[in-house]
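For reference, the structure discussed in these notes is given below.
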Amino acid sequence: MSSLQQATNLSLNLNGNDIAGIELGAFDSAVFQSLNFGGTQNLLVIFKGLKNSTIQSLWLGTFEDMDDEDISPAVFEGLCEMSVESINLQKHYFFNISSNTFHCFSGLQELDLTATHLSELPSGLVGLSTLKKLVLSANKFENLCQISASNFPSLTHLSIKGNTKRLELGTGCLENLENLRELDLSHDDIETSDCCNLQLRNLSHLQSLNLSYNEPLSLKTEAFKECPQLELLDLAFTRLKVKDAQSPFQNLHLLKVLNLSHSLLDISSEQLFDGLPALQHLNLQGNHFPKGNIQKTNSLQTLGRLEILVLSFCDLSSIDQHAFTSLKMMNHVDLSHNRLTSSSIEALSHLKGIYLNLASNRISIILPSLLPILSQQRTINLRQNPLDCTCSNIYFLEWYKENMQKLEDTEDTLCENPPLLRGVRLSDVTLSCSMAAVGIFFLIVFLLVFAILLIFAVKYFLRWKYQHI
């Protein structure tokens with residue numbers, strides 16, 4: 001270590017070495033940005049060897065293929081003689097935690113106890129009152145109150161993700177965390193019939209809440225009234241049941257990101273997104289609109305500041321041309337993996353410079369009248385559509401070659417029709433349709449003249465018939 005004495009803000013990775021001993025003073029007065037002793041089972045040796053050092057991030061986690069060893073409170077005594085800001089102890093075994101186990105953690109800002117076999121934390125823990133970030137993911141809690149949140153009054157970030165047992169939210173279990181800004185309760189099999197004011201009581205400064213990948217949640221009007229400062233709400237892959245006609249999100253005036261993907265939400269209510277004036281990013285992937293159609297009057301019309309809209313995998317077959325007229329600030333629209341035809345492009349006529357994803361739909365022929373709408377966009381994805389590469393689509397094919405800089409995934413944008421060109425990239429197709437175009441022109445002229453003559457003939461016949469009555 002003597003060769004590293006002159007280094008400042010050093011990051012040193014000793015991961016995967018089973019350290020058996022450290023010479024006295026080897027790390028004396030050393031300053032580290034990060035220090036990684038991952039895979040070392042004898043933590044007592046590590047803490048003794050790091051005496052008088054200063055470390056911003058200390059990684060002491062272990063791995064799946066290593067035997068669990070119980071950590072006793074005496075292991076952490078050496079921490080009292082060093083300065084550490086963040087410690088990771090993932091996958092170690094905490095068999096019995098006493099109120100004095102963490103008494104040397106008094107200067108710690110972040111603590112990661114992922115998969116440490118915890119089922120309960122005792123109240124009155126000493127040394128963690130200044131902790132800002134706590135990770136308790138992949139443990140064995142059965143009720144949120146079992147973390148004894150009063151131990152961490154300064155906490156701003158809390159993650160209890162992927163709990164190995166079904167987690168009950170309880171009532172007011174986190175009410176002592178009035179400084180909490182981010183809360184991750186995803187993948188916890190949470191289920192409740194009345195979400196979420198009682199459970200999130202006194203979290204008035206919460207800005208980010210993740211409840212994704214849980215069991216069904218029932219939402220009432222103003223379901224997140226206790227968290228008016230929310231800017232991000234993630235409910236992906238959690239089935240939602242909205243009990244009232246009014247919006248469960250209507251008090252979230254600062255919300256910017258709302259993820260409702262695959263939540264099986266009933267989107268028929270026009271009031272669903274009322275009260276979200278600041279919303280910029282809405283993900284509705286995997287939800288279904290009534291009859292596969294977005295009508296002129298719909299729940300999206302109130303989101304005037306929306307910039308990103310994800311409607312992929314929504315089984316959409318049509319979009320009314322006025323469905324998005326109030327959404328004038330959008331710059332990213334994902335309509336991929338639906339059943340849309342080219343007629344739905346008209347709904348985007350008022351938008352310019354957007355990223356438009358129309359991949360995996362049923363678009364075959366794009367009429368010349370729709371090309372100006374595509375021309376005014378920034379990026380377009382048309383891959384995996386049954387595109388027609390005949391003269392019926394010649395104007396689009398010519399436009400496609402002239403606007404290659406706007407198109408992405410061109411390698412997967414292939415012809416479907418005619419059979420001889422199936423699987424050929426659109427950029428490689430060359431058609432000669434001049435004779436066909438002339439023929440069509442003369443056919444139209446012929447039909448027009450024929451129609452005029454027919455009208456005169458009918459008039460003449462009626463006049464003749466009238467004169468011979």
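The values are calculated or read from the model by the stated rules, or taken from the named source; none is laboratory data. This structure is a prediction, so every number in the text was calculated from the model and none was measured. Reconstructed Cβ throughout: ideal geometry from the backbone, glycine too, with neighbour counts over all protein chains shown. Just so you know, the surface numbers come from the protein's heavy atoms only, side chains and all, with ligands and any DNA or RNA stripped out. Shrake-Rupley method; radii C 1.70, N 1.55, O 1.52, S 1.80 Å.
Given the conditions (1) among the hydrophobic types (A, V, I, L, M, F, W, C); (2) more than 19 Å from Lys161 (Cβ to Cβ); (3) surrounded by 23 or more Cβ atoms within 10 Å (Cβ to Cβ), and given that Leu235 satisfies all but one, which numbered condition is not satisfied?
Leu235 satisfies every listed condition except (2).
Output the number of residues of the range 143-168 satisfying the condition of being assigned to a loop (DSSP other than H, G, I, E, B), closer than 21 Å to Pro216 by Cα and in contact with a helix residue (DSSP H, G or I) (Cβ under 9 Å, 6 or more places away or on another chain).
Within the range 143-168, residues that are assigned to a loop (DSSP other than H, G, I, E, B), closer than 21 Å to Pro216 by Cα and in contact with a helix residue (DSSP H, G or I) (Cβ under 9 Å, 6 or more places away or on another chain) number 2.
Which members of the range 4-25 meet the condition of being of a type in the set (Gly, Ala, Ser) and part of a strand (DSSP E or B)? Walk me through it before giving the result.
Restricting attention to the range 4-25, the residues satisfying the condition of being of a type in the set (Gly, Ala, Ser) are 7, 11, 16, 20-21, 25.
Within the range 4-25, Ser11 is the sole residue that qualifies.
Does Ile345 satisfy being open to solvent by less than 40 Å² (accessible area, probe 1.4 Å) and in contact with a Phe, Trp or Tyr (Cβ under 6 Å, 6 or more places away or on another chain)?
Numbers: open to solvent by less than 40 Å² (accessible area, probe 1.4 Å): yes; in contact with a Phe, Trp or Tyr (Cβ under 6 Å, 6 or more places away or on another chain): no.
For Ile345, the condition - open to solvent by less than 40 Å² (accessible area, probe 1.4 Å) and in contact with a Phe, Trp or Tyr (Cβ under 6 Å, 6 or more places away or on another chain) - is not met.
At least 3 residues that are closer than 24 Å to Phe27 by Cβ and not basic (Lys, Arg) in each: list the strands (runs of 3 or more DSSP E) lying fully within the range 49-142 that qualify.
54-59, 83-88, 110-112
Are there any pairs with C-beta distances below 9 angstrom linking a residue in the range 320-333 that is within 13 Å of Glu307 (Cα to Cα) and open to solvent by less than 10 Å² (accessible area, probe 1.4 Å) to a residue that is of a type in the set (Val, Ile, Thr) and part of a loop (DSSP other than H, G, I, E, B), with the two at least 6 apart or on different chains, and if so which?
From residues that are within 13 Å of Glu307 (Cα to Cα) and open to solvent by less than 10 Å² (accessible area, probe 1.4 Å), the pairs are Met330/Ile354; Val333/Ile354.
Looking at the range 190-222, which of its residues are open to solvent by less than 10 Å² (accessible area, probe 1.4 Å), modelled with pLDDT under 95 and assigned to a loop (DSSP other than H, G, I, E, B)?
Within the range 190-222, Cys196 is the sole residue that qualifies.
Given the criteria crowded, with 20+ Cβ neighbours inside 10 Å, farther than 22 Å from Leu12 by Cβ and in contact (Cβ under 8 Å) with a residue 12 or more places away in the chain, does Ile71 qualify?
Yes; evaluated as a whole, the condition is true for this residue.
Scan the range 301-310 and tell me whether some residue there is within 22 Å of the chain's Cα centre (by Cα) and over 27 Å from Pro228 (Cα atoms). Before the answer, list the steps.
If we filter the range 301-310 for residues that are within 22 Å of the chain's Cα centre (by Cα), which is where we start, we get 301-310.
With over 27 Å from Pro228 (Cα atoms) added as a condition, the list becomes none.
Within the range 301-310, not a single residue is within 22 Å of the chain's Cα centre (by Cα) and over 27 Å from Pro228 (Cα atoms).
Read through the list (1) of a type in the set (S, T, N, Q); (2) assigned to a loop (DSSP other than H, G, I, E, B); (3) farther than 16 Å from Leu158 by Cβ, then give the number of the only condition that Ser186 fails.
Unmet condition: (3).
Show the residue pairs that are 6+ apart or on different chains and have beta-carbon atoms under 7 Å apart, the first residue being within the range 26-43 and closer than 16 Å to Asp65 by Cα, the second being acidic (Asp, Glu).
Between residues of the range 26-43 that are closer than 16 Å to Asp65 by Cα and residues that are acidic (Asp, Glu), the close pairs are Gly39/Asp18; Thr40/Asp18; Gln41/Asp18; Gln41/Glu69.
Taking the range 368-395, which residues are assigned to a loop (DSSP other than H, G, I, E, B) and either over 34 Å from the mean Cα position of the chain (by Cα) or of a type in the set (D, E, K, R) (or both)?
Answer for the range 368-395, where residues must be assigned to a loop (DSSP other than H, G, I, E, B) and either over 34 Å from the mean Cα position of the chain (by Cα) or of a type in the set (D, E, K, R) (or both): Arg378, Arg383, Cys389, Thr390.
Restricting the search to the range 310-344, which residues are in a strand (DSSP E or B) and either among the charged types (D, E, K, R) or within 16 Å of Asp274 (Cα to Cα) (or both)?
Answer for the range 310-344, where residues must be in a strand (DSSP E or B) and either among the charged types (D, E, K, R) or within 16 Å of Asp274 (Cα to Cα) (or both): just Asp334.
Would you be able to say whether some residue in the range 177-189 is touching a helix residue (DSSP H, G or I) at 6+ places or on another chain (Cβ under 7 Å) and at pLDDT 95 or above?
yes
Would it be correct to say that Ala26 is among the hydrophobic types (A, V, I, L, M, F, W, C) and farther than 21 Å from Tyr93 by Cα?
Yes: the conditions hold for Ala26.
Say whether the condition of being open to solvent by less than 50 Å² (accessible area, probe 1.4 Å), modelled with pLDDT of 95 or more and assigned to a loop (DSSP other than H, G, I, E, B) is met by at least one residue in the range 396-416.
yes
A quick yes/no check of all residues on (1) in contact with a Lys or Arg (Cβ under 6 Å, 6 or more places away or on another chain); (2) surrounded by fewer than 20 Cβ atoms within 10 Å (Cβ to Cβ); (3) modelled with pLDDT of 90 or more:
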| residue | (1), (2), (3) |
| --- | --- |
| Ser29 | no, yes, no |
| Phe32 | no, no, yes |
| Thr40 | no, no, no |
| Ile55 | no, no, yes |
| Leu58 | no, no, yes |
| Leu79 | no, no, yes |
| Phe102 | no, no, yes |
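Return yes when Ser159 is within 30 Å of Leu254 (Cα to Cα), open to solvent by 10 Å² or more (accessible area, probe 1.4 Å), polar (S, T, N, Q) and more than 27 Å from the chain's Cα centre (by Cα) and no when it is not. Don't jump to the end; show me each part of the working.
Details: within 30 Å of Leu254 (Cα to Cα): yes; open to solvent by 10 Å² or more (accessible area, probe 1.4 Å): yes; polar (S, T, N, Q): yes; more than 27 Å from the chain's Cα centre (by Cα): no.
In short, no.
Only one of these is closer than 24 Å to His322 by Cβ, in contact with a Leu (Cβ under 9 Å, 6 or more places away or on another chain) and either touching a residue at least 60 places away in the same chain (Cβ under 8 Å) or open to solvent by 50 Å² or more (accessible area, probe 1.4 Å) (or both): Ile365, Ile373. Name it. Before you say what the answer is, go through the steps one by one.
Working: Ile373 fails: either touching a residue at least 60 places away in the same chain (Cβ under 8 Å) or open to solvent by 50 Å² or more (accessible area, probe 1.4 Å) (or both).
Going through Ile365, Ile373 in turn, just one is closer than 24 Å to His322 by Cβ, in contact with a Leu (Cβ under 9 Å, 6 or more places away or on another chain) and either touching a residue at least 60 places away in the same chain (Cβ under 8 Å) or open to solvent by 50 Å² or more (accessible area, probe 1.4 Å) (or both): Ile365.
Being open to solvent by 70 Å² or more (accessible area, probe 1.4 Å) and under 18 Å from Lys51 (Cα atoms) is the filter here; which residues of the range 14-26 pass it?
Selection gives Ala20, Glu23, Leu24.
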